[in-house]
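Before any comments, here is the structure.
Derivation of every value follows stated rules applied to the coordinates shown; laboratory data play no part. Since the model is a prediction, treat every value here as computed from it, not as a measurement. Counting neighbours? That spans all protein chains shown, and the Cβs are built from the backbone with ideal geometry, glycine included.
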Amino acid sequence: MEHFKKFCSYYMPYKKWMILDLFCAICSALINISFPVITDYAINTCLPEKNVKIFLVLMLSSIAAYFINGFLIYTVSYVGHNTGVQIQADIREDLFAHMQKLSFSFYDKNRVGNLMSRITTDLYEITELAHHGPEDALICSFTLLGAMAAMFILNWRLAVFVAFLIPLTAIYIGWREKVTISIVEDMQEKMGGVNSELETSLTGIRVTKAFCNEDFEKERFRRSNEKFRSAKKNYFKQLGIYMMGMDWIKSAMRLSIIFIGGLLYLKGQATFANLVSFNLFVMVLMTPIQKMIDFSEILIGGISGFRRFSKMMEEKPDINEQRQPVELEHPKGKITFHEVNFSYESSREILKEITFDIPSGTSMAFVGNSGAGKTTLCHLIPRFYDVTGGRVEIDDIDIRNISLKSLRENIGMVQQDVFIFPDTIMENIRYGRLSASDEEVIEAAKMAEIHDDIMDMKAGYQTYVGERGAMLSGGQKQRLSIARMFLKNPPIVLLDEATSALDSVTEMKIQEALDRLSKNKTMVLIAHRLSTIRNADTIAVIDQGRIVEMGSHEELMELEGQYSHYYKAQYHKEKEKEHGKNK
């Protein structure tokens with residue numbers, strides 16, 4: 001019932017159009033019901049009495065009525081479908097807006113292709129239900145009741161036999177729908193799997209071709225597609241059983257008219273006109289019954305789709321704001337971790353009892369082996385995930401008490417895995433601050449040392465970069481991402497392997513630019529290349545989720561612990577490479 005109320009609420013903005021649609025549908029149903037009544041009157045009254053004038057009036061009126069009925073059907077079709085599309089657009093916007101609120105953990109667990117299926121395939125089914133639902137329900141109910149009323153007036157004995165079959169039809173439809181809905185839901189899930197495999201395969205097409213794994217991808221897609229085909233086959237089997245039963249009911253209705261009507265005619269309890277009219281009424285009744293058959297398929301798909309939509313809308317974000325969160329208006333940028341623990345759901349703890357302070361305007365770098373928890377630590381600061389123990393503070397305020405918008409507006413992040421939108425270079429950089437002018441975008445590009453590369457391109461800043469920046473090199477993608485961050489110019493900057501894809505010369509230039517940007521800003525740096533973070537105010541070594549060393553570069557080198565070991569090993573490796581090049 002709750003889902004039904006939610007579904008009905010989407011009609012409210014378009015209630016005037018729905019009223020028009022339903023009014024035209026009722027008028028059309030009235031015209032269809034009137035024809036058998038007119039036929040009975042013409043055969044029983046006009047023709048025996050040879051009243052040609054009334055007969056012609058009835059025929060001309062019928063012609064005019066059916067001409068008008070054509071316009072009514074056009075209105076029902078156009079207005080109904082248009083309303084359905086409007087409702088679909090509203091539902092899609094609500095679903096997309098809700099997805100924007102969901103946390104990183106939700107997307108960690110759900111495949112993109114499956115989510116896309118929720119927004120496309122499922123919503124198409126809902127659109128069909130939104131259009132045909134009220135209209136077909138009203139037409140079927142009105143036509144059935146009107147036709148049955150007219151049949152009882154003409155001959156109640158014959159009408160009783162017809163009426164007996166109507167509830168049987170309704171019971172049969174309800175029974176078969178319960179069987180089919182679960183099958184449709186399974187089919188939609190399998191379609192989501194097909195979309196997921198397709199999205200994954202096309203996104204990774206370069207890797208597939210590089211490893212000559214086209215046959216493997218085709219086989220993996222075939223298996224997923226076969227599951228959908230099997231689900232669809234089962235659905236059509238059940239639909240065939242349903243259609244077979246409905247055809248039996250329709251045939252029984254026709255035969256009952258001929259058989260029972262013939263017996264009543266022989267007994268003098270029914271006229272020949274009654275038989276003709278009732279056969280016409282059966283044709284009228286076949287229309288709503290056929291609509292019920294067609295609509296049942298739409299209803300099954302629509303109910304299943306709306307259930308999946310409702311299930312998605314019931315997903316709650318892991319990251320929630322306080323009712324009256326604090327707004328960071330002019331943050332100084334001090335960052336504090338106090339005994340922070342973190343784990344992804346039931347997995348082992350990634351971070352354990354992490355405690356440190358980063359005074360505003362200073363920099364702190366984190367080093368350690370892959371998987372030690374450095375990137376996870378960065379993700380906790382903008383609250384992409386919530387700590388499972390302890391607290392993270394900015395300017396001595398627990399970030400759980402700060403509004404997410406103001407928190408993230410004051411944090412800039414450049415990651416190793418850069419995402420580039422399929423748009424122009426200008427718009428990709430402008431994504432850092434959507435209100436920025438072209439001049440500000442260009443200035444940010446110059447600071448990120450990518451302006452010259454852009455100007456060498458044929459279309460300059462209007463160059464289309466392709467899907468996920470396919471037309472850019474790895475270094476250009478990272479510099480473009482850094483340009484976004486320069487444009488945003490936040491008081492807190494997180495750099496997660498921000499220069500890993502750059503050559504030594506460009507890295508040096510970027511490092512100088514980052515040094516300029518870091519003035520009066522709080523910087524958090526993660527880097528495997530230790531030469532890029534040796535000037536940080538504080539360096540922390542993370543090992544198995546714990547901070548095991550902390551201090552300046554000089555202090556840690558004197559300590560001769562893990563950092564000293566990393567640095568010396570890296571230094572000697574770079575020297576060997578340089579020596580090899582000189583040879």
Among S437, S34, Q238, whose Cα projects farthest towards the positive end of the dipole of the chain, with charges put on the beta-carbon of Lys, Arg (+1) and Asp, Glu (-1)?
S34
Find out how many positive minus negative residues lie around K232, taking Lys and Arg as positive, Asp and Glu as negative, among other residues whose Cβ is under 11 Å from that of K232.
+3
Between helix 214-266 and the chain: long-axis angle, C-alpha atoms, 0 to 90°, nearest 10
20
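In terms of the Cα gyration tensor, with a ≥ b ≥ c the square roots of its eigenvalues, is region 416-489 rounded because a/c is under 1.5, prolate because a/b exceeds b/c, or oblate?
Rounded.
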Using modelled amide H (1.01 Å from N, peptide plane; none on Pro or chain starts), what sits under 5 Å from the amide H of V326, excluding residues fewer than 5 places away?
I402, S403
Counting other C-beta atoms within 10 Å, which of Y14, Y107 has the fewest, and how do the rest follow?
Y107, Y14
Cβ under 14 Å from I319's Cβ, I319 left aside: what net charge do those residues give with Lys, Arg +1 and Asp, Glu -1?
0
What are the ³J(HN,Hα) couplings of region 14-23, residue after residue, when phi is run through the Karplus curve with 6.51, -1.76, 1.60 and θ = phi - 60°? Round to Hz, x for glycine and proline.
10, 5, 5, 5, 5, 4, 4, 4, 5, 4
Going by average Cβ density within 10 Å per residue, which order do the peptides 16-22, 311-317 take, highest to lowest?
16-22, 311-317
If you take every residue apart from L377 with its C-beta less than 12 Å away from the C-beta of L377, what net charge results, scoring Lys and Arg +1 and Asp and Glu -1?
+2
Which shape class, rounded, prolate or oblate, goes with the chain when its Cα gyration tensor gives a ≥ b ≥ c as root eigenvalues, a/c under 1.5 marks rounded, and past that a/b bigger than b/c marks prolate?
prolate
Greater than 22 Å apart at Cα, pairs in K15/K316; K334/K374; K6/K227; K53/K267; K352/K519
K15/K316; K6/K227; K53/K267; K352/K519
Global form of region 374-427, assessed from the alpha-carbon gyration tensor, a/c cut-off 1.5:
prolate
Can you compute the helix-only [θ] at 222 nm over the chain? Use -39500 (n - 2.57) per DSSP H run of at least 4 residues, normalise by all residues, nearest 500 deg cm²/dmol.
-22000 deg cm²/dmol
Cα-based helix-to-principal-axis angle, 438-447 vs the chain, degrees rounded to 10
40
Would you mind telling me the antiparallel percentage of the DSSP bridges in the chain, rounded to 5?
50
Packing-based exposure ordering (other Cβ within 10 Å, fewest first) of V162, V326
V326, V162
For E554, E197, E321, what ranking results if the residue with the fewest other Cβ atoms within 10 Å of its Cβ goes first?
E554, E321, E197
Using Cα atoms only, what is the angle between the long axis of helix 504-517 and the major principal axis of the chain, expressed in degrees (0 to 90) to the nearest 10?
80
